[in-house]
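Worksheet: the structure to be examined is printed underneath.
The values are calculated or read from the model by the stated rules, or taken from the named source; none is laboratory data. These numbers come from a predicted model, not from an experiment. Cβ atoms come from the backbone with ideal geometry, glycine included; neighbour counts cover every protein chain shown.
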Ligand code: CP
Ligand code: NVA
């Protein structure tokens with residue numbers, strides 16, 4: 001059966017750990033893997049902009065001996081010029097892996113449904129699994145394990161990155177406070193809350209949505225935030241969103257309320273003085289550039305896993 005990675009919970013806990021450990025190995029000894037995907041091609045379909053994802057996938061594929069194709073679908077969205085099923089079937093005749101960054105979750109679900117090769121989600125409106133697997137590698141490297149921690153998330157919680165963070169915390173049996181304005185447009189969708197409650201059953205996880213930022217930060221090992229202006233959000237909403245999210249900005253008092261050895265994370269791109277202050281993102285607790293670097297290693301591990309190389 002062809003495996004895909006459309007959201008982080010497509011992998012079991014054991015598979016997430018296996019991929020993270022392989023990524024750590026790839027990072028330590030990249031030379032050992034220079035021909036593992038020799039002669040293979042990755043197709044990358046982009047409907048939204050990207051810096052990290054595009055560069056790290058392209059570099060990663062090249063480092064494994066393969067080749068990556070960047071294909072912008074910005075001006076001819078999926079499913080408009082031809083059926084998504086046709087795109088998926090045609091691309092499967094040429095390439096070994098399809099990766100896509102799209103606006104609508106249904107589009108990547110359709111790609112996966114009709115492709116004959118693994119499909120990787122490079123971000124949609126529902127998940128960002130490559131980011132979250134890389135982030136948990138980074139946490140493991142900083143904290144030495146992935147046991148029983150508390151992660152607090154601040155800001156826009158109607159959000160791809162938040163959803164996969166929630167899924168991962170549920171899978172690992174962690175505590176997570178999702179801290180956001182008390183409004184449906186800024187809160188997790190019901191379908192995600194239901195999935196989290198299913199995933200938490202049996203793992204002992206406690207993932208909850210709260211509105212008191214100070215309370216959420218208390219006792220946190222990890223403080224995480226994401227953009228207030230995710231790709232595709234119209235510019236005219238900026239002032240309104242800024243006002244709604246400002247009480248959830250990560251600043252020095254948030255970091256003081258967390259554990260003394262807490263780390264600060266942001267998947268980037270980041271706006272200083274928006275979702276976090278300059279002091280926090282450029283301060284000693286911030287690990288944002290280690291997070292960014294690990295995108296390279298984790299995606300190499302994900303591609304090797306989906307191509308059944310380990
Ligand atoms: N974090 C992340 O996915 O960054 P890009 O949007 O630059 O790819
Ligand atoms: N939530 C952000 C993540 C960027 C990597 C967005 O969708 O733009």
Residue that is modelled with the lowest pLDDT [pool: residues in segment 43-78 that are within 16 Å of ligand 2 (Cβ to nearest atom) and part of a loop (DSSP other than H, G, I, E, B)]
74
For segment 80-102, check the following and say yes or no: at least one residue is crowded, with 18+ Cβ neighbours inside 10 Å, within 16 Å of ligand 2 (Cβ to nearest atom), in a helix (DSSP H, G or I) and at pLDDT 95 or above.
no
Sole exception among (1) under 21 Å from residue 189 (Cα atoms); (2) within 16 Å of ligand 2 (Cβ to nearest atom); (3) out of contact with any helix residue (DSSP H, G or I) (no Cβ under 7 Å at 6 or more places or on another chain); (4) not in a loop (DSSP other than H, G, I, E, B) for residue 216, by number:
(2)
Only one of these conditions is not met by residue 239: (1) more than 29 Å from residue 20 (Cβ to Cβ); (2) without any contact (Cβ under 8 Å) to a residue 60 or more places away in the chain; (3) surrounded by 16 or more Cβ atoms within 10 Å (Cβ to Cβ). Which number is it?
(3)
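Of the residues 137, 106, 62, which single one is within 23 Å of residue 163 (Cα to Cα) and surrounded by fewer than 18 Cβ atoms within 10 Å (Cβ to Cβ)? Steps first, answer last, please.
On the way: 137 fails: surrounded by fewer than 18 Cβ atoms within 10 Å (Cβ to Cβ); 62 fails: within 23 Å of residue 163 (Cα to Cα).
Testing whether each residue is within 23 Å of residue 163 (Cα to Cα) and surrounded by fewer than 18 Cβ atoms within 10 Å (Cβ to Cβ) leaves just 106.
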Take the residues in segment 268-310 that are free of Cβ contacts under 8 Å to residues at least 24 places away in the same chain and in contact with a strand residue (DSSP E or B) (Cβ under 7 Å, 6 or more places away or on another chain), then tell me which one is nearest to residue 50 (Cα to Cα).
281
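Answer yes or no: is there a residue in segment 25-34 that is away from ligand 2 (no atom under 16 Å from the Cβ), within 21 Å of the chain's Cα centre (by Cα), within 30 Å of residue 205 (Cβ to Cβ) and surrounded by fewer than 18 Cβ atoms within 10 Å (Cβ to Cβ). Don't jump to the end; show me each part of the working.
Going residue by residue through segment 25-34, those that are away from ligand 2 (no atom under 16 Å from the Cβ) are 25-34.
Subset that is within 21 Å of the chain's Cα centre (by Cα): 25-27.
Okay, now just the ones that are also within 30 Å of residue 205 (Cβ to Cβ), so 25-27.
Narrowing the set further to residues that are surrounded by fewer than 18 Cβ atoms within 10 Å (Cβ to Cβ) leaves 25, 27.
Yes, some residue in segment 25-34 is away from ligand 2 (no atom under 16 Å from the Cβ), within 21 Å of the chain's Cα centre (by Cα), within 30 Å of residue 205 (Cβ to Cβ) and surrounded by fewer than 18 Cβ atoms within 10 Å (Cβ to Cβ).
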Tally of residues being more than 16 Å from ligand 2 (Cβ to nearest atom) and over 19 Å from residue 298 (Cβ atoms) across segment 110-128:
8
Of the criteria (1) within 16 Å of ligand 1 (Cβ to nearest atom); (2) surrounded by 21 or more Cβ atoms within 10 Å (Cβ to Cβ), which one residue 111 fails
(1)
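Go through segment 273-299 and report how many residues are within 16 Å of ligand 1 (Cβ to nearest atom) and in contact with a helix residue (DSSP H, G or I) (Cβ under 9 Å, 6 or more places away or on another chain).
Taking segment 273-299 as the starting set, the residues that turn out to be within 16 Å of ligand 1 (Cβ to nearest atom) are 274-276, 281, 286-299.
From the residues that got through so far, the ones that are in contact with a helix residue (DSSP H, G or I) (Cβ under 9 Å, 6 or more places away or on another chain) too are 274-276, 281, 286-288, 290-299.
Residues meeting the conditions: 17.
Among the candidates 106, 137, which residue alone is over 17 Å from residue 46 (Cβ atoms), in a helix (DSSP H, G or I) and free of Cβ contacts under 8 Å to residues at least 12 places away in the same chain? Quick ask: steps written out before the conclusion?
Numbers: 137 fails: free of Cβ contacts under 8 Å to residues at least 12 places away in the same chain.
Result of the check over 106, 137: 106.
State yes or no: is residue 177 buried (at least 20 other Cβ atoms within 10 Å of the Cβ), closer than 30 Å to residue 85 by Cα, modelled with pLDDT of 95 or more and over 15 Å from the mean Cα position of the chain (by Cα)? Even if it seems obvious, please write down each step before you answer.
Numbers: buried (at least 20 other Cβ atoms within 10 Å of the Cβ): yes; closer than 30 Å to residue 85 by Cα: no; modelled with pLDDT of 95 or more: yes; over 15 Å from the mean Cα position of the chain (by Cα): yes.
No; evaluated as a whole, the condition is false for this residue.
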Under the condition of being within 13 Å of ligand 2 (Cβ to nearest atom) and part of a helix (DSSP H, G or I), which residue from segment 219-255 is nearest to residue 177 (Cα to Cα)?
245
I'm told residue 117 meets every condition in (1) touching a strand residue (DSSP E or B) at 6+ places or on another chain (Cβ under 9 Å); (2) within 16 Å of ligand 1 (Cβ to nearest atom); (3) modelled with pLDDT of 95 or more except one. Can you identify the failing condition by its number?
(2)
Pull up segment 257-267, narrow it to residues that are in contact (Cβ under 8 Å) with a residue 12 or more places away in the chain and farther than 12 Å from residue 224 by Cβ, then point me to the one that is surrounded by the fewest Cβ atoms within 10 Å (Cβ to Cβ).
261
Of the residues that sit in segment 148-176 and are at negative phi and part of a loop (DSSP other than H, G, I, E, B), which one is nearest to ligand 2 (Cβ to nearest atom)?
159
